[in-house]
Amino acid sequence: MKQVRRMSSTLKNIDVDDKVHLWCQDPTTFVARCWYCVITCTFFGLITTVLVLGQSSSGEASWTAIWTCFMSLGVAVGGTLSFRKFQTPSAIGFLLGVCFMMSQLYFTLFVIFLGFSSSEELGGSPGVDRTYASFAFFLMIAYALMTYSIAKYRSYLIPTTNTNSLSQNADPAPTPAPTTTVSV
């Protein structure tokens with residue numbers, strides 16, 4: 001217990017910028033941790049989708065939940081591929097746009113499922129709809145944070161090629177390929 005108090009007292013003495021620096025040493029680490037946050041929230045959103053499918057009597061709510069779950073899984077796979085394999089400006093820009101649109105989608109779902117939970121004539125289960133609305137809110141925040149981090153640190157995410165070394169190693173006058181004739 002004394003060790004926890006000692007640790008919390010030392011963290012209180014650290015400046016806010018130092019706390020952020022402890023959490024992210026460089027911009028790519030910050031973006032990676034934001035992405036892990038999105039993937040974790042997506043996993044919990046998948047669990048609430050199963051709850052909505054099991055307990056909702058509304059076909060619209062079930063369809064919305066399963067479609068959004070498939071979209072989130074696709075974004076998780078596509079985003080991971082664009083961070084690890086396809087680090088091109090177009091892939092990072094596409095992911096930036098997708099994260100922004102997913103944030104807007106989850107905001108819309110947050111409002112819709114809050115409406116489902118407060119209305120009996122829409123045929124929803126209030127507890128499940130509130131749960132899905134809360135996870136939609138968390139996913140909206142996570143995707144907004146991801147959009148911000150990609151937009152701010154996109155120059156760190158795209159590897160640069162050294163054009164000077166390419167021009168020094170290239171031949172000054174490349175030789176043309178030999179011409180061949182084909183007789184029919």
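The values are calculated or read from the model by the stated rules, or taken from the named source; none is laboratory data. Please read all numbers here as calculations on a predicted model, not as lab measurements. Methodologically, a virtual Cβ is constructed for each residue, glycine included, from the backbone with ideal geometry; neighbour enumeration extends over all protein chains shown.
Assorted remarks:
- With respect to the conditions (1) closer than 30 Å to residue 159 by Cβ; (2) surrounded by 17 or more Cβ atoms within 10 Å (Cβ to Cβ); (3) modelled with pLDDT of 85 or more, residue 83 falls short on a single one, namely (3).
- Failed condition for residue 107, given (1) part of a helix (DSSP H, G or I); (2) modelled with pLDDT under 90; (3) surrounded by 14 or more Cβ atoms within 10 Å (Cβ to Cβ): (2)
- In the set (1) assigned to a helix (DSSP H, G or I); (2) surrounded by 10 or more Cβ atoms within 10 Å (Cβ to Cβ); (3) modelled with pLDDT under 70, the condition left unmet by residue 166 is number (2).
- Filter result (surrounded by 18 or more Cβ atoms within 10 Å (Cβ to Cβ) and either at pLDDT 85 or above or outside any helix (DSSP H, G or I) (or both)) within segment 113-136: 124, 125, 133, 135, 136
- Taking first residues from segment 130-144 that are touching a residue at least 24 places away in the same chain (Cβ under 8 Å) and at negative phi and partners that are crowded, with 17+ Cβ neighbours inside 10 Å and of a type in the set (A, V, I, L, M), the Cβ contacts under 6 Å between residues at least 6 apart in sequence or on separate chains come to 132/52; 133/114; 136/109; 142/38; 143/102.
- You will find that of 38, 77, the residue that is loosely packed, with under 15 Cβ neighbours inside 10 Å, farther than 18 Å from residue 131 by Cβ and β-branched (Val, Ile, Thr) is 77 and no other.
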